[in-house]
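S.K.: Before anything else, here's the structure in question.
The values are calculated or read from the model by the stated rules, or taken from the named source; none is laboratory data. Every value quoted in this text rests on a predicted model; they were computed, and no experiment measured them. Neighbour counts run over all protein chains shown; Cβ positions are idealised from the backbone, glycine included. To get the accessible areas, we keep the full protein, side chains included, count just its heavy atoms, and leave off ligands, DNA and RNA. Shrake-Rupley method; radii C 1.70, N 1.55, O 1.52, S 1.80 Å.
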Amino acid sequence: MDTKIGSLDTCRPTSNDMINPTNGAVAAIQSSVSPTMINASESTLGRHLARRLVQIGVTDVFSVPGDFNLTLLDHLIAEPELNLVGCCNELNAGYAADGYARSRGVGACVVTFTVGGLSVLNAIAGAYSENLPVICIVGGPNSNDYGTNRILHHTIGLPDFSQELACFQTVTCFQAVVNNLEDAHELIDTAISTALKESKPVYISISCNLSAIPHPTFSREPVPFSLTPKLSNKLGLEAAVEAAAEFLNKAVKPVLVGGPKLRPAHAGEAFVELADASGYALAIMPSAKGLVPEHHPHFIGTYWGAVSTAFCAEIVESADAYLFAGPIFNDYSSVGYSLLLKKEKAIIVQPDRVVIANGPAFGCILMKDFLSALAKRLKCNTTAYDNYHRIFVPEGQPLRGAPKEPLRVNVLFQHIQKMLSSETAVIAETGDSWFNCQKLKLPRGCG
């Protein structure tokens, strides 16, 4: 079948300016021919799932084999366009799928029933909090075991098989328990399409005896998804842009601050477009590091209250207007809710909502549409960046260590900085390393 990968939203950036694919929406297949018939013996659930994953842009699936998912894994291995990546444990598989979704737009992992599902749960919860579409596939109990009051291995010792499902219900946007071939096609397709539309993980449990059984619903190649893109309310968008432009154009030293929801809103390019057009000083929140190019000429660092990059907090908190795009104000990002910000000076732009100071709020407005439209209405104002440039003092070099002196943190991070390039990425654990990594200057193309 002649196919090509397209985008539901906007195309992935052709340059390395955007480090993460904040503008690359999950991929969809655009088919140039009608779906072809499949040999009856090959029209199985396992093959359908494999082809569906390939269609949405997944070429690598992270897995941990277990006796409940072995037959399903055989079908995934048989798909020539899928690469099965074996992992040491389920948590590794889940976090690998998380990272894959950040880079490619959607990820997938396959684990076994309960013992594997509960192990991967923390990674799926993280993907939920980060708005990442991860397809979590679990090999489930034999369909003939449901309702028999039997106790299965890999469970908590009860004849009720729903403990795993109950855990996933709070950290996924859709749950599909496939224990009947009659509705398997619908459940699988609904789960995957929901993950793409909501940009959240989903849970698919597939009974271990069903993957290899042919069924008429799988007798054709999967029909490509046709997911209607979200649209802004045109009148609301115009009103929000007009109000925001009036608010910002009368400010003396406005600034821009990017937040972590730039990624799920696919608004990274629009945010940079706004920064280019406005001339405002440009900062990021700590959890948005890597979403905005740090080589931008007006980039001033990480805004993190009292522990901000040097001179960044002074510029942001002294501004008479600030636009936050996709922020999350929690205890961590606000340094214990100690940020010196005033609501009446702020425009808060969320993925589908804009709130201007203490005044009007506008719903059903996509962030990327709002930022792009606003870029065309703002007067160029470099005052805040000029002030930053006036007070900025370059960071000094750490003193050279004595031969047997313990390695100092500032010396360590000097070495790490020299290792960074367009071919590298930084993975930072929340804690001391996260704080110190905010000081790293990411070169063009470094994630």
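S.K.: Considering only residues that are under 32 Å from the mean Cα position of the chain (by Cα), farther than 20 Å from Pro133 by Cα and not in a loop (DSSP other than H, G, I, E, B), which ones fall in segment 199-219?
M.R.: Taking segment 199-219 first, the residues under 32 Å from the mean Cα position of the chain (by Cα) are 199-208, 210-211, 218.
Next, from what is left, pick out any that are farther than 20 Å from Pro133 by Cα: 207-208, 210-211, 218.
Ser207, Phe218, listed by residue number.
S.K.: Please specify each residue of segment 392-447 satisfying the condition of being hydrophobic (A, V, I, L, M, F, W, C), within 21 Å of Tyr303 (Cβ to Cβ), open to solvent by less than 60 Å² (accessible area, probe 1.4 Å) and not in a helix (DSSP H, G or I).
M.R.: Keep residues of segment 392-447 that are hydrophobic (A, V, I, L, M, F, W, C), which gives 392-393, 399, 402, 407, 409, 411-413, 416, 419-420, 425-428, 434-435, 437, 440, 442, 446.
Next cut, within 21 Å of Tyr303 (Cβ to Cβ) only: 392-393, 413, 426, 428, 434-435, 437, 440, 442, 446.
Keeping just the survivors that are open to solvent by less than 60 Å² (accessible area, probe 1.4 Å) gives 413, 426, 428, 434, 437, 440, 442, 446.
Val426, Ala428, Leu440, Leu442, Cys446, listed by residue number.
S.K.: Look at Val223 and say whether it is within 30 Å of Ala319 (Cβ to Cβ) and assigned to a loop (DSSP other than H, G, I, E, B).
M.R.: No.
S.K.: Sticking with this structure for a sec: Does Ala275 count as farther than 22 Å from Ser422 by Cα, outside any strand (DSSP E or B), modelled with pLDDT of 95 or more and open to solvent by less than 20 Å² (accessible area, probe 1.4 Å)?
M.R.: The answer is yes for Ala275.
S.K.: Quick one: Ala245 ticks every box in (1) at pLDDT 95 or above; (2) outside any helix (DSSP H, G or I) bar one, so which box is it?
M.R.: All conditions are met except number (2).
S.K.: With the requirement that a residue be under 27 Å from the mean Cα position of the chain (by Cα) and either open to solvent by 90 Å² or more (accessible area, probe 1.4 Å) or of a type in the set (Asp, Glu) (or both), what does segment 336-355 give you?
M.R.: Of everything in segment 336-355, those that are under 27 Å from the mean Cα position of the chain (by Cα) and either open to solvent by 90 Å² or more (accessible area, probe 1.4 Å) or of a type in the set (Asp, Glu) (or both) turn out to be Tyr337, Asp352, Arg353.
S.K.: Right, another one. Taking only pairs six or more apart or across chains, which ones have beta-carbon atoms under 9 Å, a first residue in segment 182-193 that is in contact (Cβ under 8 Å) with a residue 12 or more places away in the chain, and a second residue that is of a type in the set (Lys, Arg)?
M.R.: Filtered contacts from segment 182-193: Ile188/Arg52; Asp189/Arg52; Ile192/Arg52.
S.K.: Moving to a separate point now. With open to solvent by less than 20 Å² (accessible area, probe 1.4 Å), touching a Cys at 6+ places or on another chain (Cβ under 8 Å) and aliphatic (A, V, I, L, M) as the only criterion, which of Ile204, Ile188 stands out?
M.R.: Values: Ile188 fails: touching a Cys at 6+ places or on another chain (Cβ under 8 Å).
Among Ile204, Ile188, only Ile204 is open to solvent by less than 20 Å² (accessible area, probe 1.4 Å), touching a Cys at 6+ places or on another chain (Cβ under 8 Å) and aliphatic (A, V, I, L, M).
S.K.: Count, please, the residues in segment 311-350 that happen to be in a loop (DSSP other than H, G, I, E, B) and more than 17 Å from Leu374 (Cα to Cα).
M.R.: Going residue by residue through segment 311-350, those that are in a loop (DSSP other than H, G, I, E, B) are 311, 318-321, 326-342.
In the following step, the residues that additionally are more than 17 Å from Leu374 (Cα to Cα) were identified as 311, 318-320, 327-342.
Residues flagged as in a loop (DSSP other than H, G, I, E, B) and more than 17 Å from Leu374 (Cα to Cα) within segment 311-350 amount to 20.
S.K.: Tell me which residues, restricted to segment 194-210, are of a type outside the set (Ser, Thr, Tyr) and either in contact (Cβ under 8 Å) with a residue 40 or more places away in the chain or over 25 Å from Gly99 (Cα atoms) (or both).
M.R.: Ala195, Leu196, Glu198, Lys200, Pro201, Val202, Ile204, Ile206, Cys208, Asn209, Leu210, listed by residue number.
S.K.: Let me ask something additional. Among what's in segment 155-165 and is open to solvent by 70 Å² or more (accessible area, probe 1.4 Å) and closer than 17 Å to Val177 by Cβ, pick the residue that is nearest to the chain's Cα centre (by Cα).
M.R.: Among those that are open to solvent by 70 Å² or more (accessible area, probe 1.4 Å) and closer than 17 Å to Val177 by Cβ, it is Asp160.
S.K.: Which of the residues spanning segment 125-142 are open to solvent by less than 30 Å² (accessible area, probe 1.4 Å) and more than 30 Å from Pro260 (Cβ to Cβ)?
M.R.: Gly139, Gly140, Pro141
S.K.: Here's something else I'd like to know. Residue check, Phe299 against (1) open to solvent by 30 Å² or more (accessible area, probe 1.4 Å); (2) touching a residue at least 24 places away in the same chain (Cβ under 8 Å), all met but one. Which one?
M.R.: (2)
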